[in-house]
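Heads up, the thing below is written out as structure tokens.
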Amino acid sequence: MLERKSKTGIIFMTLAMISLLGGALFGCIGAIQFVYPDFLSSVAFFKIRPLHVSLVVSWIFFSAVGGIYYYFPRYLDISWRSEISKKLHLILYVLTGVAILICFFLGKFGGREYWEFPPWLAIPIVVSWLLFGINYFRSAFSKTFTWPVYMWMWATGIGFFLFTFLESYLWMLPFVRDNHVRDITMQWKSYGALTGSWNMLVYGTGIFLMERIQKDGSIAHGRLPFMMYFLGFINLLFGWAHHTYFVPMAPWIRYLAYGISMTELLIFARIIMNWKESLNVFQRGYHDLSFRFIIASEIWIFINLALALLISVPAINLFTHGTHITVAHAMGSTIGINTMILFASCVFLLKDASSITPAQSKWIRSGFWILNYSLLAFFTFLIIAGSVKGYRIVVLKEDFMVTMNVITPYLKLFAFSGIGLLIGLSMIVIPLIRVAINAVVIQFRKPEILVAVRASAEVYAEEELNVN
Amino acid sequence: MPITVKRSVFFSLFLTFLVYTWVVSTAGTEVDEGKSFYNVEAAAGKLLFQKYNCGSCHQLYGLGGYMGPDLTNALSDKSGKEAYIRAILKTGTAKMPDFKLTDKEINELVAFLNYIDKTGASPVLDYSINYDGTVDVGKKK
């Protein structure tokens, strides 16, 4: 039977999934407003966009953190040094999140991209993250053993999120704010590393899951996993500048970033070289619901890495920067990679804490396909819209409005596929939220029901395995 | 891989990053061609740009939202004379809400856009592409 201490992790996961549902809903509304500006005009686009972005960012953080809180005592045999710190972290996150949502609905801004809320709300975020970070390091160092690579990745993600989050507020100093070139460069430098830091949390979770599902310790130990980790770390630190290639900063910054970005070709080459081996592993593990999400994330890593490499070449970035190709890159990574891995984590965690019934499992499997096909359509229409926009503005030197009229049909298709995304996500998230609530209620109040549900789910899983 | 090697690599990279951050935030971004246009009004306009979350729809240097045009060179763009920009700020458009801006706020936003306009060009329309994939940017579009 699980310990009561596991509850915080499940609550984080539940809130994460609720955030994702909200984020996807606002994303859908925003996409429709993009092509039909009168749609739901009482909540204008300039409010909808930050609502969408903030809730999706919350999904990533809540679920990654929830997983770490759960896996430490349950799978790594590491007790959390402070249970109070965990609870405070949760309370601060929730209160800050609610305050941010209220600010957005009321049209109270003052920040900038990602953190549009009034700057004082950054303070509780920093405090809550400090609580988490201190607790992580104190707990992790309390046990003497060789850290697997995912613990390094989590530690890096925690440390660098704090660093880059604070860096993204340097604009409050006149030294940065009063020079726009410096300001925008530092802003996007911090954002580049910031997304790198949450990727560390998410990819770390992915490697943890692969190790556990495949029961193969070599995935997280040894020379190769660490070499790949350090390569990712170098890109986190120095590979951000494709966001700002054309900001008039010193040219060496962009040359350095260009060179660093190209080191990702090594990761790309490794994926291609290991393709056959990966295919065998995928086929073996396909029946496992968690693993299915991991497989999807691997395919999206391949697609997004190819796109990232292309747009890191300045000669290509010239045409893609500021177009919908950047949106495709962001959405492809957030949904295709991060969300798939985090869904795998949700399923893995909830199967451990409670049980997913056969009916719920069917919904999730259908949602999985709708989500992936919709994402493919979504991604493709954004690439087309961005390519046309880049060509018409940079090559034909057309005006913005003329170009937007030309790409509107593709944007309508993009908005339509966004509805598909919302449906697919809902089919996965709603059953999982029910399982999570059951886990919290049943596990801690009526454990005998859990035993019965789990037994029926195990029979179903066995039948599925035999069919496959 | 021994733990000492992992720690050494990690901390070497981290120290390099700190030095790099310092250089980027000082010498790497020292040049600001619009500096002489940055005054009290422009500084206030910059904060208004954030207060009204203009970045959710507009871009500066291609960074920001996608609903409206990039405003980096809005004041020197052939379709974006100052009077035109002021009129849009005053009344809004079919896609842009009327934020009920005061004349003072409009002046400050225009001063900010004027400053941004002098800092560089976006989108880049005057360029030459080199064989190694790098791009040389012209002075102004």
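The values are calculated or read from the model by the stated rules, or taken from the named source; none is laboratory data. It should be emphasised that the depicted structure is a prediction, and the values quoted were computed from it without experimental measurement. Backbone-built Cβ (ideal geometry, glycine too); neighbour counts: all protein chains shown.
Filtering the stretch A:178-196 for residues that are over 20 Å from the mean Cα position of the chain (by Cα), assigned to a helix (DSSP H, G or I) and of a type in the set (D, E, K, R) leaves a non-empty set.
In the stretch A:395-408, the residues that are in contact (Cβ under 8 Å) with a residue 12 or more places away in the chain and over 18 Å from B:LEU71 (Cβ atoms) form Cβ pairs under 6 Å with partners that are of a type in the set (Val, Ile, Thr) and surrounded by 15 or more Cβ atoms within 10 Å (Cβ to Cβ), at six or more places apart or across chains, as follows: A:ILE407/A:VAL388. Beta carbons closer than 6 Å, at least 6 apart along the sequence or on distinct chains, pair a first residue in the stretch A:32-56 that is within 10 Å of chain B (Cβ to nearest Cβ) with a second that is acidic (Asp, Glu) and surrounded by 22 or more Cβ atoms within 10 Å (Cβ to Cβ) for A:PRO50/A:GLU116. One residue alone among A:PHE238, A:PHE230, A:PHE246 is surrounded by 22 or more Cβ atoms within 10 Å (Cβ to Cβ), within 11 Å of chain B (Cβ to nearest Cβ) and free of Cβ contacts under 8 Å to residues at least 40 places away in the same chain, and that residue is A:PHE238.
Applying the criterion of being more than 22 Å from A:PRO119 (Cβ to Cβ) and in contact with a Lys or Arg (Cβ under 6 Å, 6 or more places away or on another chain) to the residues of the stretch B:34-59, the residue that is modelled with the lowest pLDDT is B:GLY34.
Exactly one residue among B:TYR20, B:TYR84 is in a helix (DSSP H, G or I), surrounded by fewer than 18 Cβ atoms within 10 Å (Cβ to Cβ) and out of contact with any helix residue (DSSP H, G or I) (no Cβ under 9 Å at 6 or more places or on another chain), and that residue is B:TYR84. For B:SER79, all conditions in the list (1) modelled with pLDDT of 95 or more; (2) within 8 Å of chain A (Cβ to nearest Cβ) hold save one; what is the number of the exception? In the conditions (1) modelled with pLDDT of 95 or more; (2) within 8 Å of chain A (Cβ to nearest Cβ), B:SER79 misses (1) alone. Within the stretch B:44-53, the set of residues being at the interface with another protein chain (Cβ under 8 Å from one of its Cβ atoms) and either touching an Asp or Glu at 6+ places or on another chain (Cβ under 7 Å) or crowded, with 21+ Cβ neighbours inside 10 Å (or both) comprises B:LYS46, B:ASN53. The sole residue among A:ALA24, A:ALA44, A:ALA31 that is in contact with a Pro (Cβ under 7 Å, 6 or more places away or on another chain) and of a type in the set (Gly, Ala, Ser) is A:ALA44. I need the full set of residues from the stretch A:77-93 which are assigned to a helix (DSSP H, G or I) and crowded, with 16+ Cβ neighbours inside 10 Å, in order please. Passing the criteria: A:SER85, A:LYS86, A:LEU88, A:HIS89, A:LEU90, A:LEU92, A:TYR93. Scan B:VAL19, B:VAL40 and give me the residue that is more than 7 Å from chain A (Cβ to nearest Cβ) and closer than 19 Å to A:SER190 by Cα. B:VAL19 is the lone residue from the list that is more than 7 Å from chain A (Cβ to nearest Cβ) and closer than 19 Å to A:SER190 by Cα. Put simply, of A:PHE117, A:PHE175 the only residue that is within 30 Å of B:PHE37 (Cβ to Cβ), assigned to a loop (DSSP other than H, G, I, E, B) and within 14 Å of chain B (Cβ to nearest Cβ) is A:PHE117. For the residues A:LEU101, A:LEU76, the requirement of being of a type in the set (A, V, I, L, M), farther than 26 Å from A:LEU236 by Cα and modelled with pLDDT under 95 singles out A:LEU76.
Scanning the stretch A:416-433 turns up no residue that is within 14 Å of chain B (Cβ to nearest Cβ), modelled with pLDDT of 90 or more, more than 20 Å from the chain's Cα centre (by Cα) and closer than 30 Å to A:TYR36 by Cβ.
Counted as qualifying within the stretch A:312-396 are the helices (runs of 4 or more DSSP H) with 2 or more residues that are more than 14 Å from chain B (Cβ to nearest Cβ), namely A:340-353, A:358-390.
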